[in-house]
Amino acid sequence: ELEVATDALVDELRDFAPLAQRTAKKLLNDMEDAPLSLAIELEGQCYGRLRSSEDFREGVEAFTAKRKPTFRGS
């Protein structure tokens, strides 16, 4: 049962945009002990950068076209 659940989670994570995953992981690791106000500010900066990425554009286009996105990590 655990293996099936783990495989399902891995499959789900593979479908996410790699650039967004890397950014979120780095932000969480870097801000673990930071004040909340700083963490919120940096999250906003990261989100702004992600919004200008090709992966963001692909995600929006795929959503609009009701298809699965093809993320490239850029």
Total residues in the stretch 60-71, condition without any contact (Cβ under 8 Å) to a residue 24 or more places away in the chain and either surrounded by 12 or more Cβ atoms within 10 Å (Cβ to Cβ) or not in a loop (DSSP other than H, G, I, E, B) (or both): 6
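Yes or no, residue by residue, for (1) of a type in the set (D, E, K, R); (2) modelled with pLDDT of 95 or more; (3) in contact with an Asp or Glu (Cβ under 6 Å, 6 or more places away or on another chain):
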residue: 1; (1), (2), (3): yes, no, no
residue: 10; (1), (2), (3): no, no, no
residue: 20; (1), (2), (3): no, no, no
residue: 57; (1), (2), (3): yes, yes, no
residue: 60; (1), (2), (3): no, yes, no
residue: 73; (1), (2), (3): no, no, no
How many residues, within the stretch 9-59, are over 21 Å from residue 73 (Cα atoms) and surrounded by 10 or more Cβ atoms within 10 Å (Cβ to Cβ)? 6
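Kindly indicate whether any position in the stretch 20-42 is among the acidic types (Asp, Glu), touching a residue at least 24 places away in the same chain (Cβ under 8 Å) and part of a helix (DSSP H, G or I).
No, the stretch 20-42 has no match at all.
The values are calculated or read from the model by the stated rules, or taken from the named source; none is laboratory data. Values in this document were obtained by computation on a predicted structure and should not be read as measured data. A quick note on method: Cβ atoms are made from the backbone with ideal geometry, for glycine too, and the neighbour counts reach across all protein chains shown.
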